[in-house]
1. Measuring from label point to label point, each 7 Å out along Cα→Cβ, what is the R145 to R63 span in nm?
2. Report the gain in length on full extension from D226 to V131: 0.36 nm times residue separation, minus Cα-Cα distance, nm rounded to one decimal.
3. Hey, fewest Cβ within 10 Å first, where do R208, R218 land in order?
4. Describe numerically, in nm with one decimal, the distance between label points set 7 Å from Cα along Cα→Cβ at Q30 and at N71.
5. Taking a virtual spin label 7 Å from the Cα of N168 along the C-beta vector, which residues in region 103-118 bring their backbone nitrogen under 18 Å of it?
Amino acid sequence: MYKIYNHLILFLSEKSMPKIRPLTLSLGNQAYQEMKRIILKRQIPPGGKLKEGELAKTLGISRTPVREAINRLGKEGLVEIFPQRGAFVVQFSEKDVLELFLIRENLEGLAAYLAAGKMNEHHLAKLNSCVQGFEEPFSEEDTRRYAREDFKFHQTIVAISEARRLINLISTLHDHIRMFRLTTIGLSGRMKASLAEHQQILAALGKRDPEESEQRMRQHIRNVRDGVMANINFFLSNGGKYHPTGRRKSNATV
């Protein structure tokens with residue numbers, strides 16, 4: 001009788017327990033990925049409101065995973081949530097952009113320092129392959145290739161650091177930078193200078209010199225920052241979509 005009673009209590013407890021719903025979690029993750037893509041591609045501009053109902057209808061899901069995605073994006077700083085007003089794509093000021101580069105300089109400088117101590121021939125070959133793709137672009141297609149190789153170069157160094165928390169921090173930082181297309185591609189003389197800077201970073205890493213690797217990376221990012229800040233009104237108003245003279249620009253920093 002005692003055993004029957006225990007089994008009955010267990011049965012009733014299981015019936016009353018909330019069920020874990022993997023599908024909902026999956027939908028939440030899908031909503032997050034899609035909404036993040038929309039924001040980074042500026043399909044909803046900075047300052048634009050995220051309307052749960054419209055987003056849910058567009059994505060073909062309920063409001064719950066959309067709300068989860070908005071909260072997650074809010075924690076990453078891509079969305080601002082105001083009580084009674086709703087959620088809006090974040091708008092960066094000149095001060096915010098300067099802060100982004102200050103943080104990037106310190107984080108990627110540290111990543112280069114750590115990566116230098118873990119560098120092997122395979123890593124060097126991969127980085128060298130990226131640098132070889134930094135040919136001066138003459139067409140829009142070449143510029144996009146340059147941007148891809150530049151991003152791969154920096155991401156590879158960060159990954160080699162093997163510092164998990166640092167990698168996550170830099171990944172979020174890069175999302176912010178991508179969002180506003182903060183690039184110096186197309187600015188006079190910047191392409192050749194950037195190529196030389198990447199070569200210097202690679203040479204320092206090749207020597208397995210942590211201090212020089214960090215110094216070279218920091219200087220490179222300061223140079224990118226200076227190019228962006230000199231044209232900050234253009235970046236904040238147009239998001240780096242077009243060069244002030246009409247020349248189209250890429251969407252990655254160099």
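The numbers here are math on the coordinates, done by the rules we state, and not lab data. It should be emphasised that the depicted structure is a prediction, and the values quoted were computed from it without experimental measurement. Cβ placement follows ideal geometry from the backbone for every residue including glycine, while neighbour counts extend to all protein chains displayed.
1. 4.9
2. Details: separation 95, 0.36 × 95 = 34.20 nm, distance 2.19 nm.
Between D226 and V131, full extension yields 32.0 nm more.
3. Values: R208 15, R218 18.
So the ranking, lowest neighbour count to highest, is R208, R218.
4. Placing both labels 7 Å beyond Cα along the Cβ direction yields 2.0 nm.
5. Answer for region 103-118: 107-108, 111.
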